[in-house]
Amino acid sequence: MAEINYSALEGHIASGKPSQVYLICGDDGFLRRSALEMLKEKYKPDVLPEFNYTEFDGSECTVDEIAAAAETLPMMAERRLVVVKDMDAAAISADQYRKLESFLGSIGNNDGCVLIFFNVSVKASAKSGDKQGAMRALIKKNGTVINCKTPSPAEITGILLSEAAKNGTQLSRSDAAYMVERCGSDITNLLSELAKLHSLCGGKITRAAIDANTTQSVDVKAYMLASNVISGRRGDAYRIMEELFEEKTEPVAVLAIMSGAFIDLYRAKLASEQRKNADDMPALFGEEYKGKEKRLSFSFRDCRRYSPTLLRRWCGMLCDTDAALKSSRVDGKILMEKLLAEMFTAAEAAR
């Protein structure tokens, strides 16, 4: 059958040809929940739902129970709907897994039921050789895998605009994109901010209202902290760090985002020395860089200012601080302030 992403699900449903089995997986929890609701809206029977709809906790039910529910004939409806939440194939016994393989292998013959495996928290592995990955491959062969991977900023902007239109809220594309930049990529949080702005602004959201009434995400602040270090703005860097501490942000979380920014910077330096650009990053360093060309353009711009030696030294400082945060009894705030001082000093010495 197929593996599709979330954006293709609406077209799949509109085709009128349901798969007998679905797996909803991927990194984005909001999109996973939204995909489940779309499938339930389409396939949950209106007639006798108490008989024609069954939901299981995959951590507690057996494969026999799932198979029995899926193979029960629908009552006065075209089909039954069975939803299994968080079944971790790697956690079930060898006997149950063999039954699961046999059941999924023959499910294409059952057009009286739609079966959905929905991952609330368990991520279906894309790796071959393990049970969860093998289950994903089986469902892909006999049904449809819906991979709700983290959407790009442009896709998140589109989701915001769609939700705004549904609620009768006036929001420009540029301001929606600005909300993503300011508030981060967590869609649930963004929709909460959108609802708040709709209430406060009477249906028309302006840039000034976004600045005045939304909260800048920790991710964005930590990334700005890294940017200030890269740009040599010592005062701004310490100000942002102080704000993060006042908000009770864990130092290790701040360090993780900072480290990501400096890894991007170092990789951009390596790529630029080979006459590569932001578009080449997914091929060079992995799919995690796909759709992040705008962010990477800043890394390619900034990396010209520094030598590979200094960038490696910075990365070493970040690594040492990470180890200290996780093993030392020294206050995390002190360790982070020490890190900033060392990074600025190293940059000044390299000039």
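Some notes on this structure:
- Taking the range 1-109 and the helices (runs of 4 or more DSSP H) fully enclosed by it, the elements with 2 or more residues that are buried (at least 18 other Cβ atoms within 10 Å of the Cβ) are at 9-14, 29-43, 63-71, 94-106.
- Listed by position, the helices (runs of 4 or more DSSP H) enclosed by the range 190-277 that each have at least 1 residues that are in contact (Cβ under 8 Å) with a residue 12 or more places away in the chain and farther than 19 Å from residue 160 by Cα are 218-231, 234-246, 251-273.
- Screening residue 176 on (1) part of a loop (DSSP other than H, G, I, E, B); (2) among the small types (Gly, Ala, Ser); (3) surrounded by 17 or more Cβ atoms within 10 Å (Cβ to Cβ) shows it passes everything except condition (1).
- Enumeration of residues in the range 63-90 that are out of contact with any Pro (no Cβ under 8 Å at 6 or more places or on another chain) and either of a type in the set (Gly, Ala, Ser) or closer than 13 Å to residue 49 by Cβ (or both): 67, 68, 69, 70, 75, 76, 82, 83, 89, 90
- Pairs are defined by a Cβ separation below 7 Å, a sequence spacing of at least 6 or placement on different chains, a first member in the range 156-168 that is within 15 Å of residue 185 (Cα to Cα), and a second member that is of a type in the set (Ser, Thr, Tyr) and surrounded by 12 or more Cβ atoms within 10 Å (Cβ to Cβ); the pairs so defined are 156/185.
- Among the residues of the range 194-250, just one is crowded, with 19+ Cβ neighbours inside 10 Å and touching a strand residue (DSSP E or B) at 6+ places or on another chain (Cβ under 8 Å), namely 205.
- Any hit, the range 189-199, residues being closer than 30 Å to residue 115 by Cβ and at pLDDT 90 or above: yes
- Qualifying residue in the range 124-147 (condition: farther than 30 Å from residue 111 by Cα and either crowded, with 20+ Cβ neighbours inside 10 Å or at pLDDT 90 or above (or both)): no
- Count - residues of the range 281-294 that are without any contact (Cβ under 8 Å) to a residue 60 or more places away in the chain, in a helix (DSSP H, G or I) and either in contact with a Phe, Trp or Tyr (Cβ under 8 Å, 6 or more places away or on another chain) or exposed (fewer than 15 other Cβ atoms within 10 Å of the Cβ) (or both): 6
The values are calculated or read from the model by the stated rules, or taken from the named source; none is laboratory data. No experiment lies behind these values; they were computed from the predicted model shown. Note: ideal-geometry Cβ built from the backbone for every residue, glycine included; neighbour counts use all protein chains shown.
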